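Q: Shown below is the structure under consideration.
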Amino acid sequence: MQTKLGWNIAPKSLLAALLAMACAVTPWSGASAHTYKFRTLYSFCAEASCTDGAEPLAGLMMDQAGNLYGTTIGGGGQNGGTVFVLQPIGKRWKHKSLYSFCSQTNCADGNAPATSLIVDTSGHLYGTTQRGGPYGNDAGTAFELLWNGNKWKFKQLYAFCAQQPCLDGSTPSSGLTYVGAAAGSPYDGTSALFGTTGGGGSGAVAPAGVAFRLEPQNRRWRQTVVYNFCSATDCADGASPNAPVLDSAGRLWGTTSSGGNHRGGGVVYSISGRQESVEYEFCSDTDNCLDGAFPRSPVYLDHSGHIVGTTPLGGSDIANGFGTLFAVSGGLEQVLYTFCPRGGNCAHGDNPSSGVIEDSSGNIFGTTAQGDPDGVVYEFGSGTERVLHTFCSEANCTDGSTPSGGLIMDTAGNLYGTTQAGGAHGGGTVFELKY
């Protein structure tokens with residue numbers, strides 16, 4: 001594998017030069033030019049009326065036994081989405097639906113789980129739904145699936161918009177996270193959980209989402225708003241937050257899809273206690289948004305402490321830019337790569353709307369929702385991007401299309417992800433890239 005990327009974060013005045021260097025697509029050279037073997041593990045809508053689920057929008061989670069867990073926003077017994085598991089049995093993978101949402105009247109249990117799951121040390125699963133809930137306002141829920149050794153039991157941890165008018169947030173825009181998640185440690189089942197909502201809250205300018213904490217207390221869960229976005233003039237602190245990550249000190253880091261002082265292009269933020277700080281504002285190059293615009297994905301903290309993520313737009317200009325891969329440190333940003341810099345068929349991908357992961361050598365892996373024309377899996381290292389798989393390569397897109405969720409990597413270096421559409425039955429897929 002390639003050695004760790006030496007990112008020297010440069011001032012904004014150097015962005016154009018950095019962009020020109022980063023977006024140059026050159027032949028891949030080095031030990032990491034390994035051929036990955038693509039395989040579809042499961043195609044959704046294999047059952048009548050898609051009772052096995054449809055449209056997996058989020059990425060996957062793997063437990064210590066190698067089982068893959070995920071969610072679909074559609075399908076299931078009541079077409080409210082599902083939680084599912086894929087279990088490796090020999091060389092095959094067995095699919096099983098663990099829960100179908102909208103099982104309760106008026107979808108009081110939640111509807112459309114669109115985010116990844118987490119697992120605790122007892123094997124229980126936790127997640128959120130974007131819609132549904134018991135209050136009739138379609139504001140979303142946080143839930144737990146408990147394993148009792150024989151079957152799965154659903155438990156609602158919290159329903160949003162409990163505090164009218166949705167002062168506690170609405171429409172969760174992230175799954176749940178905790179201190180230790182970034183290091184790969186399982187959740188202990190008792191410490192605080194954190195997340196964000198895309199709407200609601202009590203921002204002084206507008207209700208534009210919250211960061212929240214969930215804590216178990218006396219067999220119930222208490223929700224506390226940590227920060228209300230759009231609390232600053234003109235939403236300079238950001239609006240519509242995306243999924244956050246927690247560092248070892250308990251500080252939240254993330255992006256917002258809009259807000260900030262530059263054309264509302266979004267920000268990178270951090271939250272310590274209840275104090276929010278804007279670490280970087282996108283579209284700081286106000287003429288062209290060379291630094292990216294409107295991030296929708298989570299970020300991660302790399303081995304050197306850089307905040308790394310993607311934007312689906314910008315990198316060329318706000319109207320015609322196809323997205324960026326970026327790193328932020330000390331309030332300064334470096335564009336590592338700009339997607340589809342010359343337009344055309346965007347064979348190297350465009351519109352990266354999911355987060356990225358990093359291997360131990362500093363190589364970055366991610367997906368784009370579009371590009372030639374239905375998305376790619378890519379690897380970035382030593383200033384070069386390499387496409388590992390182009391979707392819809394198979395007839396009738398049986399290999400899937402539109403990979404909107406991120407990737408995970410197992411200890412052997414194999415990659416796993418989902419596609420929102422395509423597959424043998426048109427309901428999306430789970431796929432593997434074997435190293």
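Q: Show the residue pairs that are 6+ apart or on different chains and have beta-carbon atoms under 9 Å apart, the first residue being within the stretch 159-181 and within 20 Å of Gly405 (Cβ to Cβ) and free of Cβ contacts under 8 Å to residues at least 60 places away in the same chain, the second being surrounded by 21 or more Cβ atoms within 10 Å (Cβ to Cβ) and basic (Lys, Arg).
A: Cβ pairs passing all conditions: Thr171/Arg131.
Q: What is the one condition in (1) touching a Leu at 6+ places or on another chain (Cβ under 7 Å); (2) part of a strand (DSSP E or B) that Asp285 does not satisfy?
A: (2)
Q: Can you work out which of the residues in the stretch 88-118 that are of a type in the set (Val, Ile, Thr) and surrounded by 13 or more Cβ atoms within 10 Å (Cβ to Cβ) is nearest to Gln78 (Cα to Cα)?
A: Thr115
Q: Of the residues Gly259, Gly265, Gly199, which is touching a helix residue (DSSP H, G or I) at 6+ places or on another chain (Cβ under 6 Å) and surrounded by 17 or more Cβ atoms within 10 Å (Cβ to Cβ)?
A: Of Gly259, Gly265, Gly199, the one residue that is touching a helix residue (DSSP H, G or I) at 6+ places or on another chain (Cβ under 6 Å) and surrounded by 17 or more Cβ atoms within 10 Å (Cβ to Cβ) is Gly259.
Q: For residues that are part of a strand (DSSP E or B) and surrounded by 20 or more Cβ atoms within 10 Å (Cβ to Cβ), tally how many sit in the stretch 61-76.
A: So the count comes out to 7.
Q: Next question. Please specify each residue of the stretch 126-182 satisfying the condition of being of a type in the set (Gly, Ala, Ser), over 23 Å from Thr256 (Cβ atoms) and assigned to a loop (DSSP other than H, G, I, E, B).
A: Passing the criteria: Gly132, Gly133, Gly136, Gly149, Ala162, Gly180.
Q: To continue, here is another question. Any residue at all in the stretch 53-60 that's more than 16 Å from Thr402 (Cα to Cα), in contact (Cβ under 8 Å) with a residue 24 or more places away in the chain, assigned to a loop (DSSP other than H, G, I, E, B) and not aromatic (Phe, Trp, Tyr)?
A: Yes; the residues of the stretch 53-60 include at least one that is more than 16 Å from Thr402 (Cα to Cα), in contact (Cβ under 8 Å) with a residue 24 or more places away in the chain, assigned to a loop (DSSP other than H, G, I, E, B) and not aromatic (Phe, Trp, Tyr).
Q: I've got another one for you. Return the only residue of Gly366, Gly375, Gly405, Gly383 being crowded, with 22+ Cβ neighbours inside 10 Å, out of contact with any Asp or Glu (no Cβ under 8 Å at 6 or more places or on another chain), farther than 22 Å from Ala54 by Cβ and not aromatic (Phe, Trp, Tyr).
A: Only one candidate passes the filter, namely Gly366.
Q: So which residues in the stretch 183-210 are of a type in the set (A, V, I, L, M, F, W, C) and either more than 18 Å from the chain's Cα centre (by Cα) or in a strand (DSSP E or B) (or both), if there are any at all?
A: Ala192, Leu193, Phe194, Ala204, Val205, Ala206, Ala208, Val210
Q: Please go through the stretch 251-287 and give me each residue that is under 20 Å from Asn320 (Cα atoms), of a type in the set (D, E, K, R) and at pLDDT 95 or above, ordered by number.
A: Glu281
Q: Restricting to the stretch 154-187, name every residue that is out of contact with any Leu (no Cβ under 9 Å at 6 or more places or on another chain), of a type in the set (S, T, N, Q) and surrounded by 19 or more Cβ atoms within 10 Å (Cβ to Cβ).
A: Ser170, Thr171, Ser173, Ser174
Q: I would also like to ask the following. Return the residue satisfying two criteria in turn: it lies in the stretch 34-51 and is assigned to a loop (DSSP other than H, G, I, E, B) and either aromatic (Phe, Trp, Tyr) or touching a residue at least 60 places away in the same chain (Cβ under 8 Å) (or both), and of such residues it is surrounded by the fewest Cβ atoms within 10 Å (Cβ to Cβ).
A: Out of the qualifying residues, it is His34.
Q: While we're looking at this one, here's another question. Please give the number of the condition Asp285 fails out of (1) within 25 Å of Gly381 (Cα to Cα); (2) buried (at least 18 other Cβ atoms within 10 Å of the Cβ).
A: Evaluating Asp285 over (1) within 25 Å of Gly381 (Cα to Cα); (2) buried (at least 18 other Cβ atoms within 10 Å of the Cβ) leaves (1) as the failure.
The values are calculated or read from the model by the stated rules, or taken from the named source; none is laboratory data. Nothing here was measured: the structure is a model prediction, and the numbers come from that model. Positions of Cβ are backbone-derived with ideal geometry, glycine not excepted, and every protein chain shown enters the neighbour counts.
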